[in-house]
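In what follows, a structure is listed as structure tokens, so that the remarks can point back to it.
No lab work stands behind these numbers, since they all come straight from the coordinates. Keep in mind it's a predicted model, so treat the numbers as computed, not measured. Every residue, glycine among them, receives a Cβ derived from its backbone with ideal geometry; neighbour counts consider all protein chains shown.
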Amino acid sequence: MSPLLATLVYAVGIGVIFYLDRDERDRTSGSLWVPVVWLLINGSRPVSAWFQTGTPAGEVSADGSPMDAAVYGAVIAAGVVVLCTRARRVLDFVKSNPVILLFVAYCLISTMWADDGFVAFKRWIKSAGDVIMIVIVLTDPNPLAAIKRFLCRAGYVLIPASILCIKYYPQWGRAYNPWTWEPMYTGVTTFKNLLGMTVLVGALATLWCAIRSWYELQGMRRWQHLGAEAVILAMSVYLLLTADSMTSFSCLLLAGTVMIVASRSFVMNRPWILHLTVAAAISVAVVALFFDNSGGMVKELGRNSSLTGRTAIWSEVIVLSRQFPWFGAGFESFWMGDRLLIMWRVVKGIQEAHDGYLEVYANLGWVGIALLGTLIVVGYRNVMDAWRRNVTIGTVKIGFFVTALIYSLTEAGFRMMSPVWLGFLLAAITIPPRRLKRKAAPVRSKVASLEPEPYPSLAATYKAGF
């Protein structure tokens, strides 16, 4: 099949998937396209990269090209305009989420002691864009439908398009590691790890949609939705295995299990089961990585006991970070100057710590770690509160929350503009209490729901005997 014909076939296929998974009852603001565009760009590659073949190594001391700066600036500006039109709802979010605002503020302050304060400040502006986009999604008049469309509009495009690029456009979909010259599959992204991250987020969103379809729809509508979602899930598994992205594949299995448990009716009156499942999922990952002396669990995933050189990277990052233990090198500034050259002696071309917690420590010090820890604790409380009030919203939140915690054990998950970070923000940011309206459920009268909501919550569905 020629590339042009394949492109047409895939385009039609993507259109069919959107058609089958549509729901006329969903009504969202047109402003939702702003965060969708943000996720499409950050889940693939910079706009400028599409105008050249190969995989660029990227800038180390500066961020991208003027074209990319203009695109990011335009999307962020559009996001600010949208939030200005929702001033009252945004004010509620500000009052309800002081911890995330404190974390963002500390990141801004840390640019003052960065090696290159101007570059650090530009990176902070982009990171602020992440928060802006998530707030746009959660302040939509229909938050439930907005979350689905935000995640699925991007995932349903990027996942099939990655297969298309790998098979028919190898100048984009395949590449060689510029430092080791090992072949790798990149899809619509610039590196296999980013492909795994993008597919992971899209697959989790699709799994959530499949859970909703199974419990909330009936008859032919249920099967047409499940058919479209099954295709995307199959594509996701294929991509993760083809790209050999075992971190993302493991996260999909563990977080997906948590989501399925969270949606079960018998768990809704026994929240301790969900707490135990979350703890078990995280414990399995931690034990496999750090306490399995034989390395057997890691080897089952095709990795060695050094986690593909990560242990050497971690040791060197810790040594270099001792120069500024309390406040770090400054926001997104550790991988600059002499430190970068020293790290390249360990692994050529490395530009991240391959551990989200260590990455935060290197850039923001113990103060940053303390703020991140607070954000995780408060975020989990927010996730569980959302799950108790509306199990449908809570299921997707708990999935992305667990994903971020596990993924960051071996990758820089708490990093600006990454799909996993966006998912973590979506989970951790709470929806203000005044946007929650009590309504009686058929049996469990204390179930609350987000309004307006196109579907009954899963809790209400179960209690109704569906």
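With each pseudo-label sitting 7 Å past Cα toward Cβ, what's the S283-W214 distance in nm, one decimal?
In this crude label model, S283 to W214 measures out at 2.5 nm.
Suppose R0 equals 56 Å; then what is the FRET efficiency for D23 and Q323 from their Cβ-Cβ distance, rounded to the nearest 0.05?
Details: r = 54 Å, r/R0 = 0.97.
The computed FRET efficiency comes out at 0.55.
Enter the angle in degrees (range 0 to 90, nearest 10) between the Cα long axis of helix 219-242 and the first principal axis of the Cα atoms of the chain, meaning the one along which they spread out most.
Taking Cα atoms only, the helix is inclined about 10 degrees.
Percent relative contact order of the chain, based on C-alpha pairs within less than 8 angstrom and at least six residues apart?
For the chain, the relative contact order is 19 percent.
Which Rg and Dmax, in Å, describe the Cα atoms of region 198-267?
12.7, 38
What order, most packed first, do the peptides 337-344, 210-217 have when packing is the mean number of other Cβ atoms within 10 Å of each residue?
Per-residue Cβ counts within 10 Å, averaged per peptide and sorted highest first, yield 210-217, 337-344.
At 7 Å along Cα-to-Cβ for each site, give me the label-to-label distance between A70 and N269 in nm.
Once both label points are built, they end up 6.2 nm from each other.
For Cα pairs less than 8 Å apart in space and 6+ apart in sequence, what is the mean separation divided by the residue count of region 145-215, i.e. the relative contact order in percent?
For region 145-215, the relative contact order is 32 percent.
Taking the 0 to 90 degree range and rounding to the nearest ten, how far is the long axis of helix 391-407 tilted relative to the main principal axis of the chain, both from C-alpha atoms?
In the chain, helix 391-407 runs at an angle near 20 degrees to the longest axis.
Could you order the peptides 195-203, 383-391, 90-98 from most to least packed, using the average number of other C-beta atoms within 10 Å per residue?
Put in order of decreasing packing, that is 195-203, 383-391, 90-98.
Averaging over every viewing direction, what projected area does the convex hull of the Cα atoms of region 155-300 cover, in nm²?
The orientation-averaged projected area of the Cα hull of region 155-300 comes to 10.8 nm².
Please order R381, R322 by the number of other Cβ within 10 Å, starting at the fewest.
R322, R381
Put one equal scatterer on each alpha carbon of region 166-227, apply the Debye formula with no solvent term, and list log10 I(q)/I(0) at q = 0.23 1/Å to two decimals.
Per q value, in the given order, log10 I(q)/I(0) is -0.85.
Roughly speaking, what % of Cα-Cα pairs in region 302-412 are separated by over 16 Å, rounded to a whole number?
Tail of the P(r) past 16 Å holds 63 percent of the pairs.
To the nearest 10 degrees, how steeply does helix 271-286 sit against the main Cα axis of the chain, on a 0 to 90 scale?
The helix 271-286 is inclined about 20 degrees to the chain.
How far, in nm, would the chain grow between T242 and T7 when pulled straight, counting 0.36 nm per residue and subtracting the alpha carbon separation?
Here the segment from T242 to T7 would lengthen by 82.6 nm.
Among the listed pairs K126/K167; K167/K397; K122/K148; K126/K397; K126/K148, which have their C-alpha atoms separated by more than 28 angstrom in this model?
Where the Cα-Cα span goes over 28 Å, the pairs concerned are K126/K167; K167/K397; K122/K148.
When you count, for each residue, the other Cβ atoms within 10 Å and take the mean per peptide, how do 39-46, 170-177 rank with the highest first?
Answer by packing, highest mean first, reads 39-46, 170-177.
Over all directions, average the projected area of the Cα convex hull of region 10-155 and note it in nm².
Values: hull surface 42.9 nm².
If you wrap the Cα atoms of region 10-155 in a convex hull and average its projections, you get 10.7 nm².
Test of understanding: ordering M235, M336, M1, M133 by Cβ neighbours within 10 Å, fewest first, what list do you get?
Details: M235 22, M336 19, M1 10, M133 27.
So the residues, fewest neighbours to most, are M1, M336, M235, M133.
Quick one: P(r) of region 307-364 from all Cα-Cα pairs, 5 Å bins, percents rounded to integers, in order of increasing distance.
In order of increasing distance, the bins hold 4, 22, 36, 26, 10, 2 percent.
What's the exposure ranking of W124, W223, going from fewest to most Cβ atoms within 10 Å?
Result, fewest neighbours first: W223, W124.
Please label the shape of region 93-229 as rounded, prolate or oblate, based on the square roots a ≥ b ≥ c of the eigenvalues of the alpha-carbon gyration tensor (a/c under 1.5 means rounded; beyond that, a/b larger than b/c means prolate, else oblate).
oblate
Which of the three applies to region 68-147, rounded, prolate or oblate, going by the alpha-carbon gyration tensor with a ≥ b ≥ c and a/c under 1.5 meaning rounded?
It comes out oblate by the Cα gyration axes.
Within the set of other residues whose C-beta is less than 15 Å from the C-beta of W172, count the net charge using Lys and Arg as +1 and Asp and Glu as -1.
+4
Could you tell me the center-to-center distance, by alpha carbons, between region 87-120 and region 154-172 in angstrom?
35
By what distance, in whole Å, do the Cα atoms of the chain stretch along each of the three principal axes, largest value first?
So the extents along the principal axes, rounded to whole Å, are 64, 55, 52.
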